[in-house]
Amino acid sequence: MPSQLTASRSNALAGTVRAPGDKSMSHRSMILGGMASGVTEVEGLLEGDDVLATARAVQAFGAKVERIGEGRWRIEGAGGFKTPASVIDCGNAGTGVRLLMGAAAGYPLTATFDGDASLRRRPMKRVTGPLADMGARFDWRAAEDRLPVALTGGALTAIDYVQTVASAQIKSAILLAGLNAQGVTSVTEPEKSRDHTERMLRAFGAEVGVEEMGQGWVVSLKGGQPLTGTFVAVPGDPSSAAFPLAAGLIVPGSAVTVEGVMLNPLRTGLFAAWRDMGADLTISNRREAGGEAVGDVTARHSALKGVVVPEDRAASMIDEYPILAATAAFAEGVTVMRGVGEMRVKESDRISLMVEGLRACGVQVEEEPEGFIVTGAGEGGSVRGGGLVHTAHDHRIAMSHLVLGLAADQPVSVDEPGMIATSFPGFVEMMNGLGGRIA
Ligand code: S3P
């Protein structure tokens with residue numbers, strides 16, 4: 001991978017592509033496969049750097065992990081994790097480290113977790129706090145709340161945890177620990193966050209309850225339930241499909257279809273936002289795969305208009321605001337994105353990086369503590385482009401600006417393009433195969 005990538009104004013994009021496997025489900029299939037007894041076979045696994053780090057971690061915790069074909073993996077779980085021989089390096093993956101800490105906390109073992117420079121900057125107490133309440137011990141090796149951290153697990157007691165923000169990572173870590181805790185563990189969330197852990201736990205034979213109560217949604221599970229290996233078919237990642245689809249919307253004359261996109265309603269907030277903006281987005285061939293709703297999504301070039309994104313939609317599109325902002329740069333009028341303070345603790349501070357990057361491309365953006373507002377060029381206007389965008393190790397910041405560059409007047413460059421492989425290996429080839437100009 002070169003040290004920079006540059007996207008240049010492209011002619012109409014056209015074609016049909018398949019989205020890479022869903023990252024959230026890929027991590028979970030590896031982790032549950034490793035915790036279970038017996039064999040798990042996974043099809044459609046995302047072979048991105050984040051998931052490969054989780055695969056190595058699960059192997060270090062005692063499972064046998066084997067690649068048996070393209071996107072096809074076999075995991076032989078030992079029915080529990082054991083103390084690994086070396087540090088668990090989760091690379092860039094927040095989901096990987098947080099879910100693995102939850103899973104590992106339930107077993108009598110010690111393990112040190114670490115990650116790359118970006119992951120070392122991200123808060124971990126949101127997960128280690130509740131896990132410590134259950135009885136796990138954490139020893140911060142450099143600074144409190146930051147990796148690396150050493151975990152001592154085992155002998156956990158169930159807790160009832162009430163989340164203030166809807167976070168699937170926190171919910172999942174607590175549930176995975178709860179599997180090996182004494183009693184019934186519950187997590188209450190104000191809005192529903194992605195429910196892949198709950199669904200996949202059921203596929204592995206566990207009982208998980210979900211109830212709507214006064215304070216929100218309560219997910220609960222009884223400790224001591226064994227997991228049994230199973231077959232997992234991972235559908236396409238809507239968060240990755242977003243990039244070719246966005247290019248279809250903003251490059252004049254385009255029609256881009258992404259096949260096999262997971263359409264779990266807790267993940268499709270972006271599509272709803274684009275529709276509100278007037279996007280020509282159609283879904284065909286709706287079906288079910290891997291226990292999830294799936295369909296083929298087509299985006300055609302559209303005259304977009306700015307919208308106020310409802311704040312209660314944030315959980316269902318939290319990773320998609322960067323690409324939404326890139327498309328909003330071409331819309332008529334103002335797009336308001338608020339209630340998204342969580343964006344600041346992702347792979348980078350995504351509010352500040354998008355504000356900086358879009359401004360470098362001549363787009364008018366206002367920054368708020370918990371949101372940002374983009375004023376679009378509209379029909380007849382144009383986005384200047386021309387920036388070198390600093391991505392701070394963040395794959396989605398890089399891809400969002402490259403997509404913007406396909407429709408801007410001047411080329412847009414991004415640094416650290418190697419990070420794109422954490423979630424979307426083959427991104428450049430796919431975009432260029434559709435007619436994009438990224439080099
Ligand atoms: C994820 C949950 C989200 C999301 C992340 C993947 C998951 O994080 O941003 O990319 O797979 O559970 P939070 O749960 O912290 O919001």
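The values are calculated or read from the model by the stated rules, or taken from the named source; none is laboratory data. All values reported here derive from a predicted model rather than from experimental measurement. When we count neighbours, we look across all protein chains shown, and the Cβ atoms used for this are built from the backbone with ideal geometry, even at glycine. We work out accessible area using only protein heavy atoms, side chains counted, and drop any ligands, DNA or RNA first. Shrake-Rupley method; radii C 1.70, N 1.55, O 1.52, S 1.80 Å.
What whole-number value in Å² describes the accessible area per residue of the stretch 245-306 for a 1.4 Å probe? Intermediate values should be presented prior to the final figure.
Numbers: 2080 Å² over 62 residues.
Result: 34 Å² per residue.
Would you calculate, for the chain, the mean residue ellipticity at 222 nm contributed by helices, counting each DSSP H stretch of 4 or more residues as -39,500 (n - 2.57) and dividing by all residues, to the nearest 500? If you can, show how the numbers build up before the last one.
On the way: 13 runs with 128 residues, N = 439.
Dividing the helical sum by the residues of the chain leaves -8500 deg cm²/dmol.
Along each of its three principal axes, how wide is the spread of alpha-carbon positions in the chain, in whole angstrom units, largest first?
Per principal axis, max minus min of the Cα coordinates gives 64, 44, 43 Å.
As an exercise, use a Förster radius of 35 Å and the Cβ-Cβ distance of VAL39 and ARG18 to find the FRET efficiency, rounded to the nearest 0.05. Let's see the in-between values first.
Details: r = 26 Å, r/R0 = 0.75.
FRET efficiency, VAL39 to ARG18: 0.85.
Taking the Cα centroid of the stretch 1-51 and of the stretch 155-209, what is the distance between the two, rounded to the nearest whole Å?
Centre-to-centre distance over Cα atoms comes out at 24 Å.
Roughly speaking, to the nearest percent, how much of the stretch 23-233's 1.4 Å accessible area is carbon and sulfur?
Details: 3660 of 7930 Å².
Taking all protein chains in place, the stretch 23-233 shows 46 percent carbon and sulfur surface.
Decide, for the stretch 212-266, between rounded, prolate and oblate: order the square roots of the alpha carbon gyration tensor eigenvalues as a ≥ b ≥ c, take rounded if a/c falls under 1.5, and otherwise choose prolate if a/b is larger than b/c, else oblate. Walk me through the numbers before you get to the answer.
Working: a/c = 5.45, a/b = 1.96, b/c = 2.79.
It is oblate, given that a/c is not under 1.5 and a/b is not larger than b/c.
Using the crude model of +1 on Lys and Arg Cβ and -1 on Asp and Glu Cβ, and no other charge, please compute the dipole size for the chain relative to its Cα centre, in debye to 20.
Details: 40 positive and 50 negative charges, 109 e Å.
With Lys and Arg at +1 and Asp and Glu at -1, about 520 debye.
Determine, from the Cβ-Cβ distance of ALA155 and GLU379 and an R0 of 60 Å, the FRET efficiency 1/(1 + (r/R0)^6), rounded to the nearest 0.05.
Values: r = 63 Å, r/R0 = 1.05.
My answer for the efficiency is 0.40.
To the nearest 0.05, what FRET efficiency results for ASN285 and VAL162 with a Förster distance of 25 Å applied to their C-beta separation? Walk me through the intermediate numbers first.
Values: r = 40 Å, r/R0 = 1.60.
Calculated transfer efficiency: 0.05.
Compute the helix-to-body angle for 395-405: its Cα long axis versus the longest principal axis of the chain, expressed 0 to 90° and rounded to tens.
Once rounded, one gets 10 degrees.
Please compute the per residue accessible area over the stretch 23-233 with all protein chains in place, 1.4 Å probe, rounded to a whole number of Å².
38
How large, in percent, is the carbon and sulfur part of the accessible surface of the stretch 250-390 at a probe radius of 1.4 Å? Please list the in-between numbers first.
Working: 2380 of 5070 Å².
In the stretch 250-390, the share of accessible area belonging to carbon and sulfur is 47 percent.
What distance in nm separates the two pseudo spin-label positions at ALA132 and GLU211, each 7 Å out from Cα along the beta-carbon direction?
3.0
Using every pair of alpha-carbon atoms in the stretch 23-233, split the distances into 10 Å bins beginning at 0 and state the percent of pairs per bin, rounded to integers.
Computed distribution, short to long bins: 10, 39, 39, 13, 0.
What does the C-alpha gyration tensor say about the overall shape of the stretch 1-132? Classify as rounded when a/c is under 1.5, otherwise prolate if a/b is larger than b/c, or oblate. Write out the running numbers ahead of the final one.
Values: a/c = 2.44, a/b = 1.46, b/c = 1.67.
In terms of gyration-tensor shape, oblate.
Bin width 10 Å, origin at 0, all Cα-Cα pairs of the stretch 248-349: what percent of pairs per bin?
Using 10 Å bins, I get a P(r) of 15, 44, 34, 7 for the stretch 248-349.
Could you give the angle, 0 to 90 degrees to the nearest 10, between helix 168-178's Cα long axis and the longest principal axis of the Cα atoms of the chain?
Rounded to the nearest ten degrees, it is 10.
Any chance you could tell me what percent of the C-alpha pair distances in the stretch 8-63 go past 12 Å?
Details: 1065 of 1540 pairs.
Taking all Cα-Cα pairs of the stretch 8-63, the fraction more than 12 Å apart is 69 percent.
Under the Kirkwood approximation applied to all pairs of distinct alpha-carbon atoms, what is the hydrodynamic radius of the stretch 149-280 in Å? Numbers along the way, then the final one.
On the way: mean 1/r = 0.0584 Å⁻¹.
Taking the inverse mean of 1/r over all distinct Cα pairs, the stretch 149-280 comes out at 17.1 Å.
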